[in-house]
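Quick note: the coordinates plus some simple rules give every number you see, no bench work behind them. The structure presented is a predicted model; accordingly, all values stated were derived computationally and were not measured. Here Cβ is always computed from backbone atoms with ideal geometry, including for glycine, and neighbour counts include all displayed protein chains.
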């Protein structure tokens with residue numbers, strides 16, 4: 001028997017727009033790319049789902065950062081050397097729990113992520129030569145027997161129409177829809193409304209939601225990250 005009560009587990013409003021979300025498939029972390037649109041400043045916020053602690057990594061490079069992956073407690077960031085060109089270069093890895101920079105490499109690109117390490121190459125070298133690097137310190141590791149990463153298991157809503165998305169799970173009906181020119185999320189259990197919240201002030205588009213380990217995860221007004229569990 002499921003209780004109709006859902007509980008707020010995490011809530012934080014960030015000083016910037018949440019541009020990207022990455023989920024660790026092994027360790028209990030979610031990483032967020034936060035950008036300030038007026039200054040182009042950015043940071044990576046790592047949320048510990050067990051303790052609700054948040055660690056930050058503030059890239060000091062002039063290049064615009066992009067959140068690539070969070071894997072087993074390590075966050076991987078890539079960079080745009082030229083903001084007018086969509087070409088990535090460079091790698092940094094930081095610790096999810098502390099935000100501490102573990103290693104960096106600004107001459108290589110990423111070919112593939114594996115469970116054991118990152119497949120990298122130098123784009124100035126032809127023909128392409130792959131090298132596998134450790135997540136922990138960037139040192140070379142054996143190329144043989146590398147295992148592709150298994151992504152985190154999340155459940156996404158079904159798109160019912162351009163203004164409505166819906167998911168039914170464990171007796172809960174979760175709907176994101178436009179009401180009074182705003183995107184709103186509602187959760188019902190046995191016809192009882194147990195949660196209602198605003199996703200966006202605009203009807204033009206709002207962030208959706210997903211389910212991770214019986215947890216409802218969504219972004220409110222592009223800046224506030226919220227997690228509920230039942």
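With the cut-off at 1.5 for a/c, could you classify segment 135-182 from its C-alpha gyration tensor as rounded, prolate or oblate?
Numbers: a/c = 4.23, a/b = 2.95, b/c = 1.44.
It is prolate, given that a/c is not under 1.5 and a/b is the larger ratio.
Relative contact order, percent, of segment 170-230 when contacts are C-alpha pairs under 8 Å separated by at least 6 residues? Walk me through the numbers before you get to the answer.
Working: 115 pairs, mean separation 13.3, N = 61.
Worked out over segment 170-230, it gives 22 percent.
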Fill in the blank from the handout: Quick note on 103, 183, ordering by fewest other C-beta atoms within 10 Å, gives 103, 183
Practice task
On a C-alpha basis, how far is the centre of segment 144-218 from the centre of segment 67-94 in Å? Whole number, if you could?
Solution key: 27
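What is the packing order of peptides 7-14, 174-181, taking the mean over residues of other C-beta atoms within 10 Å and listing the highest first? Working shown, then result.
Numbers: 7-14: 13.9, 174-181: 16.2.
Highest mean packing first, the order is 174-181, 7-14.
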Problem - Ascending count of other beta-carbon atoms within 10 Å, so fewest first, for 219, 118 - result: 219, 118
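Among 75, 43, what is the fewest-to-most ranking by other Cβ atoms within 10 Å?
Values: 75 27, 43 18.
The fewest-first ordering by Cβ neighbours comes to 43, 75.
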Exercise for the section: Give the Rg (one decimal place) followed by the Dmax (whole number) of segment 116-230, computed from C-alpha coordinates and expressed in Å. Expected result: 20.9, 63
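With N set to the residue count of the chain, report its C-alpha Rg divided by 2.2 N^0.38 Å to two decimal places.
Details: Rg = 19.5 Å, N = 230, 2.2 N^0.38 = 17.4 Å.
Dividing the Cα radius of gyration by 2.2 N^0.38 Å gives 1.12.
What is the mean projected area of the alpha carbon convex hull for segment 1-99, to one decimal in square nanometres? Walk me through the intermediate numbers first.
Values: hull surface 31.3 nm².
Value for segment 1-99: 7.8 nm².
What length, rounded to one decimal in nm, is gained on full extension from residue 184 through to residue 163, with 0.36 nm per residue of separation minus their alpha-carbon distance? Before the final figure, lay out each step's value.
On the way: separation 21, 0.36 × 21 = 7.56 nm, distance 1.01 nm.
6.5 nm is the gain from fully extending residue 184 to residue 163.
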Exercise for the section: Quote the relative contact order of the chain in percent (integer), defining contacts as alpha-carbon pairs under 8 Å separated by 6+ residues. Expected result: 17
Practice task
Please build a GNM for the chain, connecting alpha carbons under 10 Å apart, and tell me which residue among 25, 84, 134 fluctuates the most.
Solution key: 84
